[in-house]
Amino acid sequence: MTEINKDNGLPFISSFRVNTDLVWQMSRSEKYALIGLLEHLKPNCSVEIGTYQGGSLQVISEFSEKVYSIDISPEPKRTLQPLFDNVEFIVDQSVNVLHDLFKNIEEAGEKLNFVLVDGDHSRKGVHDDLKMILDYPHKNDLVILMHDSYNPQCRKGMKDIDYSSYDNIEYVELDYITGSFWHNGNNREMWGGLALIKVSGNQNTPTEVNESARNSFKVAQLHSIHIIKDKLRFLSPIKKRIYKKLKMRHKADKYFDFEK
Ligand SMILES: C[S@@+](CC[C@H](N)C(=O)[O-])C[C@H]1O[C@@H](n2cnc3c(N)ncnc32)[C@H](O)[C@@H]1O
């Protein structure tokens, strides 16, 4: 069997100078999409949910006047604050802060034009982030990018939204950029992909949810291990406790301790 490419985001060739010291958890196509989109949008103000090591933040910061980047872990703020002049780091769970943040942005006279959702990847986490963003009465045109729309749980969270109940949504596409199967050596898992939702100040007709890669998604899902793994999700807290007891490093520990 041929060896699986451990990083399908490299090499990366672009006029945007990527700082490769900042780990960027996106595929090559997602990186190009984020750069191209933001280069065009040039947001007055952007919000990022899920900072991690600043990979995506470097692009958002470059093309936005002001950025608020939220992470549940204190590590991004500690390590990245000195690198970004126009970024305010918020250490909290996104759903605790989003509503007041949108209100403060508006009161400060800033215009929110872009949000990247890449924080809690559970079905409920994705749904709650997106619902909180859509429920706010935004006054400006807004583009929302949701990472990992190819992951079955994240996708379900996105599909749990009743888009027809909003009259300001112009466009929804779950496969704006298609994700991949067996991505970066994640055994038979589906990750990546960018969903795009466009909110506009104008009233729009009820929105159709586009899934341009639906067939590819379904075929990959049949061959994936998610069907089993998602059913065993309830064991996750027990697994975490066992890891802690055995002083083993859990996969999610990397978000709270960048040094190791
Ligand atoms: C996949 S990483 C983000 C990757 C980054 N956007 C990039 O492209 O390189 C997810 C991040 O979300 C953070 N996170 C998880 N749950 C969160 C929540 N409920 N609120 C805010 N941040 C959260 C994690 O600590 C982690 O740093």
Select from the stretch 143-168 the residues that are over 21 Å from GLY119 (Cβ atoms) and touching a strand residue (DSSP E or B) at 6+ places or on another chain (Cβ under 6 Å) and list them in ascending order. ASN168
Restricting the stretch 165-208 to residues that are of a type in the set (Val, Ile, Thr) and in contact with a Phe, Trp or Tyr (Cβ under 6 Å, 6 or more places away or on another chain), the residue that is surrounded by the fewest Cβ atoms within 10 Å (Cβ to Cβ): THR207
Count, please, the residues in the stretch 103-114 that happen to be part of a loop (DSSP other than H, G, I, E, B) and β-branched (Val, Ile, Thr). 0
Filter the stretch 240-260 down to the residues that are in a helix (DSSP H, G or I) and exposed (fewer than 13 other Cβ atoms within 10 Å of the Cβ), then identify the one that is nearest to the chain's Cα centre (by Cα). ALA252
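Sort through GLY119, GLY9 and tell me the only one that's of a type outside the set (A, V, I, L, M) and without any contact (Cβ under 8 Å) to a residue 24 or more places away in the chain.
On the way: GLY119 fails: without any contact (Cβ under 8 Å) to a residue 24 or more places away in the chain.
Checking each option against the conditions leaves just GLY9.
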May I ask you to list the residues in the stretch 210-227 that are loosely packed, with under 15 Cβ neighbours inside 10 Å and either within 21 Å of the chain's Cα centre (by Cα) or of a type in the set (Lys, Arg) (or both)? SER212, ARG214, LYS218
Within the stretch 82-97, the residues that are touching a Phe, Trp or Tyr at 6+ places or on another chain (Cβ under 7 Å) and either more than 11 Å from the ligand (Cβ to nearest atom) or basic (Lys, Arg) (or both) are GLU88
Just to verify a result, which residue in the stretch 13-29, among those that are polar (S, T, N, Q) and away from the ligand (no atom under 11 Å from the Cβ), is surrounded by the fewest Cβ atoms within 10 Å (Cβ to Cβ)? SER15
Number of the condition not met by GLU88 [criteria: (1) surrounded by fewer than 20 Cβ atoms within 10 Å (Cβ to Cβ); (2) charged (D, E, K, R); (3) within 22 Å of LEU134 (Cβ to Cβ)]: (3)
Counted residues in the stretch 134-166 being more than 11 Å from the chain's Cα centre (by Cα) and within 13 Å of the ligand (Cβ to nearest atom) come to 2
Going through the stretch 35-81 one residue at a time, which ones are polar (S, T, N, Q), near the ligand (Cβ under 10 Å from one of its atoms) and either closer than 13 Å to LEU116 by Cβ or free of Cβ contacts under 8 Å to residues at least 12 places away in the same chain (or both)? THR51, SER56, GLN58, SER69
If I go through the stretch 98-133 residue by residue, how many of them are within 13 Å of the ligand (Cβ to nearest atom), over 17 Å from VAL87 (Cβ atoms) and acidic (Asp, Glu)? 3
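No value in this document is a laboratory result; all are computed from the given coordinates. Remember, predicted model here, so these are calculated numbers, not experimental data. Cβ coordinates were reconstructed from backbone atoms using ideal geometry, including for glycine residues, and neighbour counts include every protein chain displayed.
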